[in-house]
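**Student:** The structure is given below, and queries will be raised subsequently.
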Amino acid sequence: MLNRFKTGAAALALSAFSVACVAQTATLSIQLDKPLHGVSPSLYGLMTEEINYSYDGGLYAEMVRNRTFQDRPFGGHGPGGMNHWNIEHFGNSMASMVIDTDEGPSAAQQHSLAVTITKADSANQAGVRNEGYWGMAVRPNTTYTGSLYAKADSAGMGPLTVSLVSNNSGKTLATTTVQGLATEWKQLAFTLKTGEVETSAENHLVVTVGHAGKMWLSIVSLFPPTYKNRVNGNRPDLMEMMAAMHPTFLRLPGGNYLEGDQIDERFDWKNTLGPLVDRPTHRSPWDYQSSDGLGLLEFLEWSEDLKIDTVLAVYAGYSLKGDYIAPGPALNPFVDDALDEIEFATGATSTKWGAVRAKLGHPAPFPVKYVEIGNEDWFDRSGSYEGRYTQFYKAIKAKYPQLQLIATMPVKKIKPDVVDDHYYRRADEFFAMVNHYDSVDRNGPKIFVGEWATREGSPTTNMGAALGDAAWMTSMERNSDLIVMASYAPLFVNVNPGGMQWESDLIGYDAISSYGSPSYYAQAMFAEYLGTEVPASSVAGGGDRFFYSVTKDAAKGKVYLKLVNASSTPQAVDIGLNGANVGGSAEVVSLTGTNLAETNTLVAPKRVVPVRTTLSGVGAKFSHTVPAYSVQVLEIEAK
C-alpha cells in the first residue's frame, strides 16, 4: 500500500510538472503602420583576425606552411625556422638542411633554408618536403600555381623537380621540372596539374635536385584555384560561406591582430604591400608567424569581392602586453601612419598613397565610411586612450571630415561618432541582456557591437549557442536605431589538433572541406531577412526563453518576423498584424535542434541547418507554434 501510494504521488507530481512545463501562450501585437525607427543598412557584417589559423592555414589559400622559414617551435622559443619541413632522400642520395640567417632574396627576407646535397643523381634525387597546414588538399584535374625563390652554389646544380605526393601511397599526383636554378637569387614559377586522382588532404610537396651541391630556398609557395581567380587569393569555399551570410561590411584587419603583443608586432600595413618577397612577415599575438600574404590590399579586395564595405581599424599606439605611445609628439608618427593608410584605401591616384595603390594594380579607391581607432583599449591600464583617441580623431577629421570614427571605449574629452562594444557570453547571459540597449541614451554615440558571441560548443558552436545568438540579435534589431553595425567573432577555426586557440567559432574547416555551425545559420537567417524599419510591437505572456523581433520592408511589401524559442517545450504565439493588408500564407525558415548540445561537424556538416516550409492561414490575426529549441523567420506579404 505504501509503495502504491508513492507511485501514485509520483505520477501526480509528474503530471503537474508536465502542465507547468507547457509555456504560456504569448500574445504578439505588431502595428505595421507605426514605424518606430529605421534599421541600420549596415547592421550585420564580418570580423576576422589571425587566430585559429584563420588566415594562414585558413582563408588565405597558400598550401605551403612556413614558406619563409620563420615559424618558431611551439611556444615561440628557440630559433626554429625549419618547422613543417623535412629532408627527402631518394635511393642512396644524401642531404641536410639548416637555416641560413645571412642569405635571403631581399632586404625583407634575409634568411632562407640552405640545403646541402652530398650525393644525388637524376634517378636518386634529394631535397625537402613540406607537410602543409595539416596536409595539402589535392583534387582531380586541377591546376596548382607555384613559385619559389632559389639560388645554388654552382650553375650546373639544377633543374629542380617539384611534386605533389600522397602521404599514404607515396604516389606522385603531379610533378614538373623547373629550370633556371642559378648562382643568384631568382623567382622560379611552375604549375602542377593533377589527373584522375582521389580528392584528399593527405598529401605533401617535395622539392628535389639530382646533383650534389648547395642550394638556398625561400618563399616556397603553392596555390590552388582561388576565389574569382585572384592571384595570392582566398579559398573559394570559405569566401562563398561568408557571402551566404549576407554581410554588409568587413572589419579589418582584426582586433588583437591589429595591436600585436608588442608595438613592433602590430599590423604594420606598409610592410604588407607589394610582392611577397618584400613582406617581412610578423608574429601574431596567438603565437604563430603571420605570412602577411593577406596584406592591406588583399583585405580591401576581400571586401570588394564580397561587394561589402570596409570598416578600417588603424593602430592607435597600444599593444596587448601593455606597451603604449603616450599622447603628444611621440604619437604623431602613428597618427601620420593612419592618415597614410586611409589615403591608401580611399585616395585618388594623384595622392602619394593612392598612387601606390594604383601601382599595385588597383587604381580605383575603395569605399570606406568607418575608421576604428585602436582595439579594446579598456585593457590599457595607463589611461592613455582618452588622449590618444583625441589626437587621432582631430587629425583624421581635419583631413577626412566625412569619415565616421569609432572609439573602442567611452571617452569624455570628445564625442566619438560610434563606440565599439564587445560581448562574449553564455546563452543564459545573453537571454538576460536582451533589454540592455532599450534605454541607452539616443543622444550619445552610436554603437558598433564589433565582437560578440555566445561561447558554448567547441570547436564551433552548438544549438544552445545559436539560440543565445538569435536572442541577442533580436535585441540588436529592435535597437537598430542605435546599433549601426555588429559582427560575430571569431569567424573561423581550423579544427585540426593544434589549430584552435579560441573555441566557440562560427565556421570550421580543415585543408579539404568546411562547414557552418548552428550559429552560422542563425546569423545568415537574420541577415538575409531584414527589413528597413522597425514597427511598433509588444508581447505579453510567453516563456522566459521566448524572444522576437520584427522588421518591415515597405518597398518589397514584406514583414520579417523572427521568433526564438530557447525552451525545451514548444511555444504557442497568437500574432496580430495591424495596419496593413496581410497575405494568406508565409514562408517559414526554421533552424531547430533536438537538444542544446546538437551541432555540426566536418563529418556531419548539415545536421542542424535551416528548413523552409510554408505556413497557411496567415492574416491580421493568426496563431503559430514555435518548436522547442528553434529559431524561425516568418516572411509575410504585407501591403
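**Student:** Just to be sure, is K556 buried (at least 18 other Cβ atoms within 10 Å of the Cβ) and within 34 Å of the chain's Cα centre (by Cα)?
**Tutor:** No; evaluated as a whole, the condition is false for this residue.
**Student:** Within the stretch 616-631, which residues are over 18 Å from A566 (Cβ atoms) and surrounded by 18 or more Cβ atoms within 10 Å (Cβ to Cβ)?
**Tutor:** Once the filter is applied, which keeps residues that are over 18 Å from A566 (Cβ atoms) and surrounded by 18 or more Cβ atoms within 10 Å (Cβ to Cβ), the stretch 616-631 yields V618, F622.
**Student:** Give the stretch 616-631 a look and list any residue that's within 22 Å of A471 (Cα to Cα) and assigned to a strand (DSSP E or B), or say none. Talk me through it step by step, then tell me what you get.
**Tutor:** We begin by selecting, within the stretch 616-631, every residue within 22 Å of A471 (Cα to Cα); these are 623-631.
Correct list: S623, H624, T625, V626, S630, V631.
Okay, residues lined up against (1) buried (at least 21 other Cβ atoms within 10 Å of the Cβ); (2) polar (S, T, N, Q); (3) in contact (Cβ under 8 Å) with a residue 60 or more places away in the chain:
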{"position": "S290", "(1), (2), (3)": "yes, yes, yes"}
{"position": "L296", "(1), (2), (3)": "yes, no, no"}
{"position": "W302", "(1), (2), (3)": "yes, no, yes"}
{"position": "D305", "(1), (2), (3)": "no, no, yes"}
{"position": "V314", "(1), (2), (3)": "yes, no, yes"}
{"position": "D323", "(1), (2), (3)": "no, no, yes"}
{"position": "N332", "(1), (2), (3)": "no, yes, no"}
{"position": "D337", "(1), (2), (3)": "no, no, yes"}
{"position": "I342", "(1), (2), (3)": "no, no, yes"}
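**Student:** Something else now. Which residue pairs have Cβ atoms under 8 Å apart, sit 6 or more places apart or on different chains, and have a first residue in the stretch 481-496 that is closer than 11 Å to P41 by Cα and a second that is surrounded by fewer than 24 Cβ atoms within 10 Å (Cβ to Cβ) and of a type in the set (D, E, K, R)?
**Tutor:** D481/R442; I483/K446; V484/K446
**Student:** Okay, moving on. Residues that are among the charged types (D, E, K, R), at least 1 per element: which strands (runs of 3 or more DSSP E) completely within the stretch 115-218 meet that?
**Tutor:** Fully inside the stretch 115-218 and qualifying: 126-130, 143-152, 186-193.
One line per residue, one yes/no per condition, for (1) out of contact with any Asp or Glu (no Cβ under 7 Å at 6 or more places or on another chain); (2) under 24 Å from Y53 (Cα atoms); (3) among the acidic types (D, E):
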{"residue": "T101", "(1), (2), (3)": "yes, no, no"}
{"residue": "A108", "(1), (2), (3)": "no, yes, no"}
{"residue": "V115", "(1), (2), (3)": "yes, no, no"}
{"residue": "N130", "(1), (2), (3)": "yes, yes, no"}
{"residue": "G135", "(1), (2), (3)": "no, yes, no"}
{"residue": "T143", "(1), (2), (3)": "yes, no, no"}
{"residue": "Y149", "(1), (2), (3)": "yes, no, no"}
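**Student:** Might you check whether a residue that is small (G, A, S), in the same structural domain as G498 (by TED's automatic domain parsing) and touching a Lys or Arg at 6+ places or on another chain (Cβ under 6 Å) occurs anywhere in the stretch 271-293?
**Tutor:** No, because not a single residue in the stretch 271-293 is small (G, A, S), in the same structural domain as G498 (by TED's automatic domain parsing) and touching a Lys or Arg at 6+ places or on another chain (Cβ under 6 Å).
A quick yes/no check of all residues on (1) acidic (D, E); (2) more than 35 Å from the chain's Cα centre (by Cα); (3) surrounded by fewer than 20 Cβ atoms within 10 Å (Cβ to Cβ); (4) outside any strand (DSSP E or B):
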| residue | (1), (2), (3), (4) |
| --- | --- |
| I575 | no, yes, no, no |
| V589 | no, no, no, no |
| T599 | no, no, no, yes |
| T614 | no, no, yes, no |
| V633 | no, no, no, no |
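**Student:** From the set of residues in the stretch 219-252 that are charged (D, E, K, R) and not in a strand (DSSP E or B), which is surrounded by the most Cβ atoms within 10 Å (Cβ to Cβ)?
**Tutor:** Step by step, filter the stretch 219-252, then rank; the result is R235.
**Student:** Surrounded by fewer than 18 Cβ atoms within 10 Å (Cβ to Cβ), touching a residue at least 40 places away in the same chain (Cβ under 8 Å) and either over 32 Å from the mean Cα position of the chain (by Cα) or under 15 Å from F299 (Cβ atoms) (or both): which single residue out of G255, G170, G274, G180 fits that description?
**Tutor:** On inspection, the qualifying residue turns out to be G274.
**Student:** Kindly indicate whether N595 is surrounded by 23 or more Cβ atoms within 10 Å (Cβ to Cβ), within 35 Å of the chain's Cα centre (by Cα), under 30 Å from N496 (Cβ atoms) and not β-branched (V, I, T). Quick ask: steps written out before the conclusion?
**Tutor:** Numbers: surrounded by 23 or more Cβ atoms within 10 Å (Cβ to Cβ): no; within 35 Å of the chain's Cα centre (by Cα): yes; under 30 Å from N496 (Cβ atoms): yes; not β-branched (V, I, T): yes.
When the stated conditions are applied, N595 does not pass them.
**Student:** Give the residues of the stretch 416-443 that are of a type outside the set (K, R), out of contact with any strand residue (DSSP E or B) (no Cβ under 8 Å at 6 or more places or on another chain) and assigned to a loop (DSSP other than H, G, I, E, B), sorted by residue number.
**Tutor:** Within the stretch 416-443, N435, H436, D438, S439, D441, N443 qualify.
**Student:** Taking the options R357, R388, name whichever one is farther than 24 Å from F448 by Cβ and crowded, with 19+ Cβ neighbours inside 10 Å. So that I can check it myself, show each step before the final result.
**Tutor:** Working: R388 fails: farther than 24 Å from F448 by Cβ.
Result: R357 is the single residue among R357, R388 that is farther than 24 Å from F448 by Cβ and crowded, with 19+ Cβ neighbours inside 10 Å.
**Student:** Within the bounds of the stretch 43-61, is there any residue that is over 26 Å from D287 (Cβ atoms), under 25 Å from the mean Cα position of the chain (by Cα) and not in a strand (DSSP E or B)?
**Tutor:** Yes, the conditions are met somewhere in the stretch 43-61.
**Student:** D417 passes all but one of (1) over 30 Å from T460 (Cα atoms); (2) surrounded by 19 or more Cβ atoms within 10 Å (Cβ to Cβ); which number fails?
**Tutor:** The number of the failed condition is (2).
**Student:** If a residue has to be under 19 Å from N232 (Cα atoms) and either surrounded by fewer than 21 Cβ atoms within 10 Å (Cβ to Cβ) or not assigned by TED's automatic domain parsing to the domain that holds M97 (or both) to count, how many in the stretch 140-159 make the cut?
**Tutor:** If we filter the stretch 140-159 for residues that are under 19 Å from N232 (Cα atoms), which is where we start, we get 142-149.
When the remaining residues are screened for being either surrounded by fewer than 21 Cβ atoms within 10 Å (Cβ to Cβ) or not assigned by TED's automatic domain parsing to the domain that holds M97 (or both), the result is 142-143, 145, 147.
Going through the stretch 140-159 one residue at a time, the tally reaches 4.
**Student:** Being closer than 21 Å to D481 by Cβ and in contact (Cβ under 8 Å) with a residue 40 or more places away in the chain is the filter here, so list the residues in the stretch 547-563 that pass it.
**Tutor:** F547, Y548, S549, V550, T551, K552, K558, V559, Y560, L561, K562
**Student:** Okay, next question. Which residue is nearest to E637 (Cα to Cα), if the candidates are limited to the stretch 602-612 and must be assigned to a loop (DSSP other than H, G, I, E, B) and touching a Ser or Thr at 6+ places or on another chain (Cβ under 8 Å)? First the steps, then the outcome.
**Tutor:** The first filter runs over the stretch 602-612 and keeps only residues assigned to a loop (DSSP other than H, G, I, E, B), leaving 602-610.
Checking which are touching a Ser or Thr at 6+ places or on another chain (Cβ under 8 Å) leaves us with 602, 605, 607-608, 610.
Working: L602: 37, P605: 32, R607: 30, V608: 27, P610: 21 Å.
The residue in question is P610.
**Student:** May I pose another question? Mind checking whether some residue in the stretch 66-74 is in the same structural domain as A313 (by TED's automatic domain parsing), among the charged types (D, E, K, R) and at pLDDT 95 or above?
**Tutor:** Looking for residues that are in the same structural domain as A313 (by TED's automatic domain parsing), among the charged types (D, E, K, R) and at pLDDT 95 or above, one finds none in the stretch 66-74, hence no.
The values are calculated or read from the model by the stated rules, or taken from the named source; none is laboratory data. Note that the structure is a prediction, hence the values are computed from the model and not measured. So basically every Cβ, Gly included, is an ideal-geometry build from the backbone, and we count neighbours across all protein chains shown.
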